[in-house]
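Report on one structure; see the data block that follows.
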Amino acid sequence: MMMVHPVKFLLSAAKRPLTRCCSAFVSRIRSLNRLKEDDDVCAEALQHAQIFLFHRLSPLLQSSERGTFRAVPLMYSDIRAILERLGSDEAKLKESVLIGCSEQNQVQFCLDVGELDQVALEEALDGTFVDLKKGFFVLRRSEAPLLAKAQALLRWHLTTGFCSATGRPTCPNQAGSQRVGSGGGTIYYPQMSPVVIVLVSDGKRCLLGRQPSFPPGMYSALAGFCELGESLEETVSREVAEEVGLEVHNISYSSSQHWPFPRSSLMLGCHALVSPAHSQVNVDHTELEDARWFTFHEITSALQVKGLWSRGHAPPLWLPPKHAIANRLITEWAELQRCSQKAD
Ligand SMILES: NC(=O)c1ccc[n+]([C@@H]2O[C@H](COP(=O)([O-])OP(=O)(O)OC[C@H]3O[C@@H](n4cnc5c(N)ncnc54)[C@H](O)[C@@H]3O)[C@@H](O)[C@H]2O)c1
Ligand SMILES: [Mg+2]
(Lines give C-alpha, C1' and ligand atoms only; values in the text may rest on other atoms or scores of the structure.)
(Ligands and ions follow the chains in the order given, each with its own letter.)
Protein backbone atom coordinates (compact mmCIF):
# COMPACT_ATOMS: atom_id res chain seq x y z
CA MET A 1 0.00 0.00 0.00
CA MET A 2 1.33 3.43 -0.90
CA MET A 3 1.82 5.51 2.24
CA VAL A 4 0.50 9.06 2.14
CA HIS A 5 2.32 11.40 4.47
CA PRO A 6 -0.08 12.18 7.36
CA VAL A 7 0.50 15.95 7.14
CA LYS A 8 -0.26 15.99 3.43
CA PHE A 9 -3.27 13.80 3.96
CA LEU A 10 -4.70 15.96 6.71
CA LEU A 11 -4.21 19.16 4.77
CA SER A 12 -5.90 17.65 1.72
CA ALA A 13 -8.84 16.69 3.93
CA ALA A 14 -9.65 20.33 4.71
CA LYS A 15 -12.83 21.37 2.93
CA ARG A 16 -11.73 24.81 1.77
CA PRO A 17 -8.24 25.69 0.58
CA LEU A 18 -6.14 26.79 3.55
CA THR A 19 -5.35 30.46 3.48
CA ARG A 20 -2.32 32.13 4.98
CA CYS A 21 -4.41 33.44 7.86
CA CYS A 22 -5.21 29.89 9.04
CA SER A 23 -2.96 28.87 11.93
CA ALA A 24 -1.76 25.27 12.16
CA PHE A 25 -4.21 24.81 15.04
CA VAL A 26 -7.19 26.12 13.06
CA SER A 27 -6.28 23.91 10.08
CA ARG A 28 -6.07 20.88 12.33
CA ILE A 29 -9.43 21.56 13.97
CA ARG A 30 -11.17 22.15 10.64
CA SER A 31 -9.68 19.02 9.14
CA LEU A 32 -10.81 16.97 12.12
CA ASN A 33 -14.29 18.40 11.76
CA ARG A 34 -14.30 17.36 8.12
CA LEU A 35 -13.46 13.80 9.17
CA LYS A 36 -16.52 13.78 11.45
CA GLU A 37 -18.75 15.01 8.62
CA ASP A 38 -17.51 12.92 5.70
CA ASP A 39 -17.39 9.13 6.10
CA ASP A 40 -15.34 8.57 2.92
CA VAL A 41 -12.64 11.07 3.90
CA CYS A 42 -12.59 9.61 7.39
CA ALA A 43 -12.22 6.03 6.09
CA GLU A 44 -9.26 7.21 3.98
CA ALA A 45 -7.71 9.00 6.99
CA LEU A 46 -8.02 5.83 9.08
CA GLN A 47 -5.67 4.01 6.70
CA HIS A 48 -2.86 6.44 7.56
CA ALA A 49 -3.71 7.07 11.19
CA GLN A 50 -2.20 6.10 14.50
CA ILE A 51 -4.53 3.65 16.26
CA PHE A 52 -4.58 3.09 20.04
CA LEU A 53 -5.78 -0.42 20.86
CA PHE A 54 -7.98 -1.29 23.86
CA HIS A 55 -9.08 -4.68 25.18
CA ARG A 56 -12.41 -4.47 27.04
CA LEU A 57 -11.73 -0.77 27.66
CA SER A 58 -8.17 -1.30 28.97
CA PRO A 59 -5.56 0.52 26.85
CA LEU A 60 -2.48 -1.19 25.42
CA LEU A 61 0.55 0.17 27.33
CA GLN A 62 4.25 -0.51 27.55
CA SER A 63 6.01 -0.08 30.86
CA SER A 64 8.96 2.26 30.71
CA GLU A 65 11.72 3.24 33.11
CA ARG A 66 10.83 4.44 36.65
CA GLY A 67 7.49 2.63 36.78
CA THR A 68 5.72 4.83 34.23
CA PHE A 69 3.66 3.64 31.25
CA ARG A 70 3.70 4.70 27.62
CA ALA A 71 0.79 4.43 25.22
CA VAL A 72 1.52 2.30 22.14
CA PRO A 73 0.00 3.70 18.94
CA LEU A 74 0.05 1.36 15.95
CA MET A 75 -0.44 1.90 12.23
CA TYR A 76 -3.43 0.50 10.29
CA SER A 77 -1.36 -2.02 8.35
CA ASP A 78 0.28 -3.39 11.54
CA ILE A 79 -3.11 -3.95 13.17
CA ARG A 80 -4.56 -5.50 10.01
CA ALA A 81 -1.72 -8.06 9.96
CA ILE A 82 -2.25 -8.92 13.65
CA LEU A 83 -6.03 -9.19 13.25
CA GLU A 84 -5.60 -11.58 10.34
CA ARG A 85 -3.09 -13.65 12.32
CA LEU A 86 -5.58 -13.95 15.22
CA GLY A 87 -8.55 -14.98 13.08
CA SER A 88 -10.22 -11.58 12.70
CA ASP A 89 -10.06 -9.38 9.59
CA GLU A 90 -9.69 -5.87 8.22
CA ALA A 91 -13.44 -5.16 8.59
CA LYS A 92 -12.87 -4.88 12.36
CA LEU A 93 -10.74 -1.78 11.76
CA LYS A 94 -13.85 0.04 10.52
CA GLU A 95 -15.02 0.17 14.16
CA SER A 96 -12.14 2.53 14.98
CA VAL A 97 -13.19 5.80 16.58
CA LEU A 98 -11.60 9.17 15.82
CA ILE A 99 -10.02 10.71 18.93
CA GLY A 100 -7.86 13.56 17.68
CA CYS A 101 -4.84 14.77 15.85
CA SER A 102 -1.32 15.26 17.18
CA GLU A 103 0.63 18.51 16.82
CA GLN A 104 2.55 16.71 14.08
CA ASN A 105 -0.78 16.39 12.19
CA GLN A 106 -1.02 12.66 12.82
CA VAL A 107 -4.70 11.64 12.90
CA GLN A 108 -5.46 9.41 15.90
CA PHE A 109 -8.10 6.69 16.32
CA CYS A 110 -8.83 4.06 18.95
CA LEU A 111 -10.22 0.53 18.61
CA ASP A 112 -11.43 -2.04 21.15
CA VAL A 113 -10.47 -5.63 20.25
CA GLY A 114 -12.07 -7.15 23.36
CA GLU A 115 -13.41 -10.19 21.48
CA LEU A 116 -9.87 -11.39 20.66
CA ASP A 117 -7.61 -13.38 22.97
CA GLN A 118 -5.86 -10.94 25.33
CA VAL A 119 -2.73 -13.03 25.91
CA ALA A 120 -2.19 -13.67 22.20
CA LEU A 121 -2.64 -9.97 21.48
CA GLU A 122 -0.23 -8.92 24.22
CA GLU A 123 2.39 -11.32 22.89
CA ALA A 124 1.95 -10.07 19.35
CA LEU A 125 1.98 -6.41 20.37
CA ASP A 126 4.73 -6.47 23.02
CA GLY A 127 2.55 -4.60 25.49
CA THR A 128 -0.04 -5.09 28.22
CA PHE A 129 -3.69 -4.07 28.41
CA VAL A 130 -3.81 -2.13 31.68
CA ASP A 131 -6.91 -1.04 33.61
CA LEU A 132 -7.07 2.74 33.03
CA LYS A 133 -7.69 3.29 36.76
CA LYS A 134 -4.18 1.91 37.35
CA GLY A 135 -2.50 3.31 34.24
CA PHE A 136 -3.92 6.86 34.23
CA PHE A 137 -1.76 8.30 37.00
CA VAL A 138 1.49 6.78 35.74
CA LEU A 139 0.99 7.75 32.11
CA ARG A 140 2.68 10.88 30.80
CA ARG A 141 0.39 13.86 31.31
CA SER A 142 0.26 14.38 27.53
CA GLU A 143 -1.03 10.82 26.97
CA ALA A 144 -3.42 10.28 29.90
CA PRO A 145 -6.19 12.65 28.63
CA LEU A 146 -6.07 11.16 25.11
CA LEU A 147 -6.51 7.60 26.41
CA ALA A 148 -9.22 8.77 28.82
CA LYS A 149 -11.10 10.34 25.91
CA ALA A 150 -10.63 7.17 23.84
CA GLN A 151 -11.94 4.95 26.64
CA ALA A 152 -14.93 7.26 27.17
CA LEU A 153 -15.86 7.12 23.48
CA LEU A 154 -15.39 3.35 23.25
CA ARG A 155 -17.53 2.83 26.36
CA TRP A 156 -20.21 5.09 24.91
CA HIS A 157 -20.32 2.99 21.71
CA LEU A 158 -20.51 -0.22 23.74
CA THR A 159 -23.53 1.06 25.67
CA THR A 160 -25.42 2.91 22.91
CA GLY A 161 -25.96 0.02 20.53
CA PHE A 162 -29.75 0.38 20.58
CA CYS A 163 -32.20 3.25 20.16
CA SER A 164 -33.94 3.94 23.49
CA ALA A 165 -37.15 4.93 21.65
CA THR A 166 -37.52 1.98 19.23
CA GLY A 167 -35.19 -0.68 20.64
CA ARG A 168 -33.67 -1.06 17.16
CA PRO A 169 -29.88 -1.02 16.52
CA THR A 170 -28.03 2.27 16.11
CA CYS A 171 -25.18 2.76 13.63
CA PRO A 172 -22.06 4.90 14.11
CA ASN A 173 -20.71 7.27 11.49
CA GLN A 174 -17.16 6.43 10.36
CA ALA A 175 -15.56 8.83 12.87
CA GLY A 176 -17.66 7.39 15.71
CA SER A 177 -18.70 10.91 16.74
CA GLN A 178 -22.42 10.03 16.62
CA ARG A 179 -24.80 7.08 16.23
CA VAL A 180 -28.05 7.11 14.29
CA GLY A 181 -31.13 5.00 14.99
CA SER A 182 -31.92 2.62 12.12
CA GLY A 183 -34.10 4.16 9.43
CA GLY A 184 -32.40 7.54 10.01
CA GLY A 185 -34.14 8.15 13.35
CA THR A 186 -32.75 9.77 16.47
CA ILE A 187 -29.12 10.90 16.40
CA TYR A 188 -27.19 10.06 19.58
CA TYR A 189 -24.10 12.03 20.62
CA PRO A 190 -21.56 11.01 23.29
CA GLN A 191 -22.72 12.00 26.78
CA MET A 192 -20.85 13.39 29.76
CA SER A 193 -21.89 14.67 33.17
CA PRO A 194 -20.95 18.17 34.34
CA VAL A 195 -19.43 18.13 37.82
CA VAL A 196 -18.30 21.11 39.90
CA ILE A 197 -15.16 20.92 41.99
CA VAL A 198 -14.56 23.80 44.35
CA LEU A 199 -11.73 24.84 46.61
CA VAL A 200 -13.32 26.72 49.50
CA SER A 201 -11.16 29.16 51.46
CA ASP A 202 -11.75 31.38 54.49
CA GLY A 203 -8.93 33.66 53.37
CA LYS A 204 -6.21 31.92 55.42
CA ARG A 205 -7.07 28.21 55.23
CA CYS A 206 -8.63 25.92 52.63
CA LEU A 207 -11.29 23.29 53.11
CA LEU A 208 -10.75 19.71 51.92
CA GLY A 209 -12.89 16.62 52.34
CA ARG A 210 -12.42 12.88 52.05
CA GLN A 211 -14.71 10.08 50.95
CA PRO A 212 -14.42 6.63 52.59
CA SER A 213 -13.17 5.24 49.26
CA PHE A 214 -10.09 7.54 49.23
CA PRO A 215 -6.69 6.07 50.19
CA PRO A 216 -5.79 6.75 53.87
CA GLY A 217 -4.67 10.35 54.43
CA MET A 218 -6.01 11.65 51.12
CA TYR A 219 -8.18 14.79 51.07
CA SER A 220 -9.50 16.62 48.01
CA ALA A 221 -11.55 19.66 47.01
CA LEU A 222 -15.33 19.29 47.34
CA ALA A 223 -17.07 17.96 44.23
CA GLY A 224 -20.58 17.17 43.09
CA PHE A 225 -22.69 16.48 40.01
CA CYS A 226 -24.69 19.35 38.50
CA GLU A 227 -28.45 18.90 38.64
CA LEU A 228 -30.69 19.74 35.71
CA GLY A 229 -31.66 23.42 35.69
CA GLU A 230 -28.70 24.58 37.80
CA SER A 231 -26.07 27.15 36.92
CA LEU A 232 -22.45 26.43 37.80
CA GLU A 233 -22.69 28.86 40.75
CA GLU A 234 -25.89 27.22 42.02
CA THR A 235 -24.29 23.78 41.98
CA VAL A 236 -21.25 25.10 43.88
CA SER A 237 -23.47 26.71 46.55
CA ARG A 238 -25.70 23.64 46.88
CA GLU A 239 -22.85 21.10 47.04
CA VAL A 240 -20.93 23.06 49.70
CA ALA A 241 -24.13 23.54 51.74
CA GLU A 242 -25.03 19.83 51.42
CA GLU A 243 -21.60 18.39 52.16
CA VAL A 244 -20.17 20.74 54.83
CA GLY A 245 -23.07 23.04 55.85
CA LEU A 246 -21.44 26.32 54.75
CA GLU A 247 -22.55 29.26 52.61
CA VAL A 248 -20.05 30.41 49.99
CA HIS A 249 -19.64 33.70 48.15
CA ASN A 250 -17.22 35.14 45.57
CA ILE A 251 -17.37 32.01 43.40
CA SER A 252 -14.85 32.23 40.57
CA TYR A 253 -14.16 29.84 37.72
CA SER A 254 -10.61 28.52 37.34
CA SER A 255 -10.40 25.82 34.65
CA SER A 256 -11.88 22.50 33.60
CA GLN A 257 -10.93 18.90 32.89
CA HIS A 258 -12.42 15.78 31.38
CA TRP A 259 -12.41 13.13 34.10
CA PRO A 260 -12.82 9.45 33.19
CA PHE A 261 -13.72 8.01 36.63
CA PRO A 262 -16.14 6.39 37.17
CA ARG A 263 -17.69 7.65 33.88
CA SER A 264 -17.03 10.68 31.70
CA SER A 265 -17.43 13.92 33.63
CA LEU A 266 -16.58 17.47 32.72
CA MET A 267 -15.00 18.77 35.92
CA LEU A 268 -15.58 22.52 36.28
CA GLY A 269 -13.00 23.87 38.72
CA CYS A 270 -13.87 26.85 40.92
CA HIS A 271 -12.66 28.78 43.95
CA ALA A 272 -15.06 30.19 46.57
CA LEU A 273 -14.87 32.01 49.88
CA VAL A 274 -16.65 31.66 53.21
CA SER A 275 -16.62 34.33 55.86
CA PRO A 276 -14.16 33.40 58.68
CA ALA A 277 -16.93 34.17 61.18
CA HIS A 278 -19.11 31.44 59.62
CA SER A 279 -16.57 28.73 58.89
CA GLN A 280 -17.68 26.05 61.37
CA VAL A 281 -17.86 22.84 59.33
CA ASN A 282 -20.89 20.56 59.70
CA VAL A 283 -20.09 17.43 57.67
CA ASP A 284 -22.86 15.33 56.10
CA HIS A 285 -21.44 11.88 56.85
CA THR A 286 -23.63 10.22 54.23
CA GLU A 287 -21.51 12.09 51.63
CA LEU A 288 -18.10 12.58 53.25
CA GLU A 289 -16.10 10.72 55.88
CA ASP A 290 -14.44 13.97 57.00
CA ALA A 291 -13.85 17.59 55.97
CA ARG A 292 -11.32 19.92 57.61
CA TRP A 293 -9.63 23.27 57.24
CA PHE A 294 -5.93 23.07 56.30
CA THR A 295 -3.33 25.80 56.83
CA PHE A 296 -1.01 27.15 54.15
CA HIS A 297 1.88 25.32 55.84
CA GLU A 298 0.04 21.95 55.81
CA ILE A 299 -0.86 22.42 52.13
CA THR A 300 2.62 23.44 50.96
CA SER A 301 4.14 20.44 52.80
CA ALA A 302 1.59 18.11 51.21
CA LEU A 303 2.21 19.54 47.73
CA GLN A 304 5.86 18.55 48.09
CA VAL A 305 5.07 14.89 48.82
CA LYS A 306 6.23 12.80 45.87
CA GLY A 307 5.48 9.11 45.53
CA LEU A 308 5.82 8.38 49.27
CA TRP A 309 2.39 6.83 49.32
CA SER A 310 3.27 4.31 46.65
CA ARG A 311 6.23 3.19 48.78
CA GLY A 312 3.94 2.47 51.70
CA HIS A 313 4.77 5.46 53.95
CA ALA A 314 1.48 7.35 54.20
CA PRO A 315 2.14 11.07 54.78
CA PRO A 316 -0.16 12.98 57.21
CA LEU A 317 -1.94 14.65 54.28
CA TRP A 318 -1.92 13.25 50.77
CA LEU A 319 -3.32 15.38 47.94
CA PRO A 320 -4.70 14.21 44.57
CA PRO A 321 -1.94 13.76 41.95
CA LYS A 322 -1.03 16.38 39.35
CA HIS A 323 -3.26 14.74 36.71
CA ALA A 324 -6.32 15.78 38.77
CA ILE A 325 -7.84 19.25 38.61
CA ALA A 326 -8.13 19.18 42.42
CA ASN A 327 -4.33 19.40 42.54
CA ARG A 328 -4.40 22.41 40.19
CA LEU A 329 -6.95 24.24 42.36
CA ILE A 330 -4.96 23.56 45.53
CA THR A 331 -1.72 24.67 43.85
CA GLU A 332 -3.40 27.89 42.64
CA TRP A 333 -4.67 28.61 46.16
CA ALA A 334 -1.21 28.04 47.68
CA GLU A 335 0.32 30.36 45.07
CA LEU A 336 -2.22 33.08 45.90
CA GLN A 337 -1.50 32.71 49.63
CA ARG A 338 2.24 32.94 48.97
CA CYS A 339 1.75 36.18 47.00
CA SER A 340 -0.53 37.74 49.62
CA GLN A 341 1.90 36.79 52.43
CA LYS A 342 4.75 38.49 50.50
CA ALA A 343 2.59 41.59 50.01
CA ASP A 344 1.76 41.84 53.79
N1 LIG B 1 -10.42 15.24 38.97
C2 LIG B 1 -10.46 15.56 40.25
O3 LIG B 1 -9.59 16.27 40.76
C4 LIG B 1 -11.60 15.07 41.10
C5 LIG B 1 -11.60 15.33 42.49
C6 LIG B 1 -12.70 14.95 43.25
C7 LIG B 1 -13.77 14.27 42.65
N8 LIG B 1 -13.72 14.00 41.30
C9 LIG B 1 -14.84 13.32 40.63
O10 LIG B 1 -16.01 14.08 40.82
C11 LIG B 1 -17.12 13.23 40.72
C12 LIG B 1 -18.24 13.73 41.60
O13 LIG B 1 -17.85 13.82 42.96
P14 LIG B 1 -18.77 13.20 44.11
O15 LIG B 1 -18.72 11.70 44.05
O16 LIG B 1 -18.33 13.87 45.37
O17 LIG B 1 -20.23 13.68 43.65
P18 LIG B 1 -21.55 13.98 44.55
O19 LIG B 1 -21.16 14.72 45.78
O20 LIG B 1 -22.56 14.59 43.64
O21 LIG B 1 -22.02 12.54 45.05
C22 LIG B 1 -22.11 11.42 44.19
C23 LIG B 1 -23.55 10.93 44.14
O24 LIG B 1 -24.31 11.80 43.32
C25 LIG B 1 -25.34 11.08 42.65
N26 LIG B 1 -25.36 11.51 41.25
C27 LIG B 1 -26.08 12.55 40.77
N28 LIG B 1 -25.90 12.73 39.47
C29 LIG B 1 -25.04 11.78 39.05
C30 LIG B 1 -24.45 11.44 37.79
N31 LIG B 1 -24.72 12.13 36.68
N32 LIG B 1 -23.58 10.42 37.74
C33 LIG B 1 -23.27 9.73 38.87
N34 LIG B 1 -23.79 9.99 40.08
C35 LIG B 1 -24.67 11.01 40.20
C36 LIG B 1 -25.07 9.60 42.92
O37 LIG B 1 -25.97 9.19 43.91
C38 LIG B 1 -23.66 9.57 43.47
O39 LIG B 1 -23.49 8.54 44.43
C40 LIG B 1 -16.62 11.83 41.07
O41 LIG B 1 -16.92 11.01 39.98
C42 LIG B 1 -15.13 11.95 41.24
O43 LIG B 1 -14.42 10.95 40.54
C44 LIG B 1 -12.66 14.38 40.52
MG1 LIG C 1 -19.27 15.17 46.63
Electrostatic dipole magnitude of the chain [Cβ: Lys, Arg +1; Asp, Glu -1; Cα centre; debye, to 20]: 960
Between the residues 320, 207, 339, the Cα farthest towards the positive end of the dipole of the chain, that dipole coming from +1 and -1 charges on the beta-carbon of Lys, Arg, Asp and Glu, is from 339
Suppose R0 equals 45 Å. What FRET efficiency, 1/(1 + (r/R0)^6) with r the Cβ-Cβ distance, do residue 77 and residue 280 give to the nearest 0.05? 0.10
For the range 145-234, report the accessible area per residue in Å² (1.4 Å probe, heavy atoms, rounded to an integer). 49
Take the alpha-carbon positions of the range 128-219, form their convex hull, and give its projected area averaged over all directions (one quarter of the hull surface) in nm². 10.2
Could you tell me which of rounded, prolate or oblate describes the range 29-160, using a ≥ b ≥ c as the square roots of the eigenvalues of the alpha-carbon gyration tensor, with rounded for a/c under 1.5 and, failing that, prolate when a/b is larger than b/c and oblate otherwise? oblate
The extension gain from residue 115 to residue 303, computed as 0.36 nm times the residue separation minus the Cα-Cα distance, is 63.4 nm
Using only Cα atoms, find the angle between the long axis of helix 232-244 and the longest principal axis of the chain, and express it within 0 to 90 degrees, rounded to the nearest 10. 50
Rounded, prolate or oblate: which one fits the range 111-168, using the alpha carbon gyration tensor with axes a ≥ b ≥ c (rounded when a/c is under 1.5, else prolate when a/b beats b/c, else oblate)? oblate
Three principal axis extents, largest first, for the C-alpha atoms of the chain, in Å? 70, 49, 44
How many lysine pairs does the range 29-160 hold where the Cα atoms are under 20 Å apart and the two sit 8 or more places apart or on different chains? 6
Relative to the compact globular guide of 2.2 N^0.38 Å, what is the alpha carbon radius of gyration of the range 171-217, as a ratio? 2.21
Answer rounded, prolate or oblate for the range 236-344, using the Cα gyration tensor with square roots of eigenvalues a ≥ b ≥ c: rounded when a/c is under 1.5, else prolate when a/b is larger than b/c, else oblate. rounded
Where nothing but the Cβ of Lys and Arg (+1) and of Asp and Glu (-1) is charged, how large is the charge dipole of the range 118-213 around its Cα centre, in debye to the nearest 20? 480
Enumerate by residue number the trypsin sites (Lys or Arg not before Pro) in the range 203-275 meeting two conditions: DSSP loop (anything except H, G, I, E, B), and at most 14 other Cβ atoms within 10 Å of the site's Cβ. 204, 263
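The values are calculated or read from the model by the stated rules, or taken from the named source; none is laboratory data. Just so we're clear, the structure is a prediction, and the values are computed from it rather than from any experiment. Note: ideal-geometry Cβ built from the backbone for every residue, glycine included; neighbour counts use all protein chains shown. Each accessible area value is taken on the protein alone, full model and side chains, heavy atoms only, with ligands, DNA and RNA left out. Shrake-Rupley method; radii C 1.70, N 1.55, O 1.52, S 1.80 Å.
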